[in-house]
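Chemist: The structure is given below, and queries will be raised subsequently.
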Amino acid sequence: MEVFNGETLIHFSSVLKRRSKKSKARKPVLNLILKFLMLHFSRIRLARKLLYLSDKIKAT
């Protein structure tokens, strides 16, 4: 189950950017969180592709 989708990620990042403008000290932390989320999403996408491919291989 995927909790976040692309739209929520974009919304989340825009909220973070707005907040980071108010406090510059937290900016590196927020960037790390965003990077982590992006990695998480690309992993989910990769896992889905692998599952899809393995199902195709089993089907043939």
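Laboratory data are not the source of any read-out in this text; all were calculated from the coordinates shown. Everything quoted here is computed from the prediction, not taken from an experiment. Methodologically, a virtual Cβ is constructed for each residue, glycine included, from the backbone with ideal geometry; neighbour enumeration extends over all protein chains shown.
Chemist: Determine the gain in length on full extension of the stretch Lys49-Ser13; use 0.36 nm per residue of separation and subtract their C-alpha separation, reporting nm with one decimal.
Modeler: Contour length minus Cα-Cα distance gives 10.4 nm.
Chemist: I would also like to ask the following. Say each of Ser42 and Leu30 gets a label point 7 Å from the Cα, pointing the same way as Cα to Cβ; how far apart are those two points in nm?
Modeler: Output for this residue pair reads 2.2 nm.
Chemist: Next question. What is the fewest-to-most order of Leu50, Leu37 by other Cβ atoms lying within 10 Å of their Cβ?
Modeler: Ascending number of Cβ neighbours within 10 Å: Leu50, Leu37.
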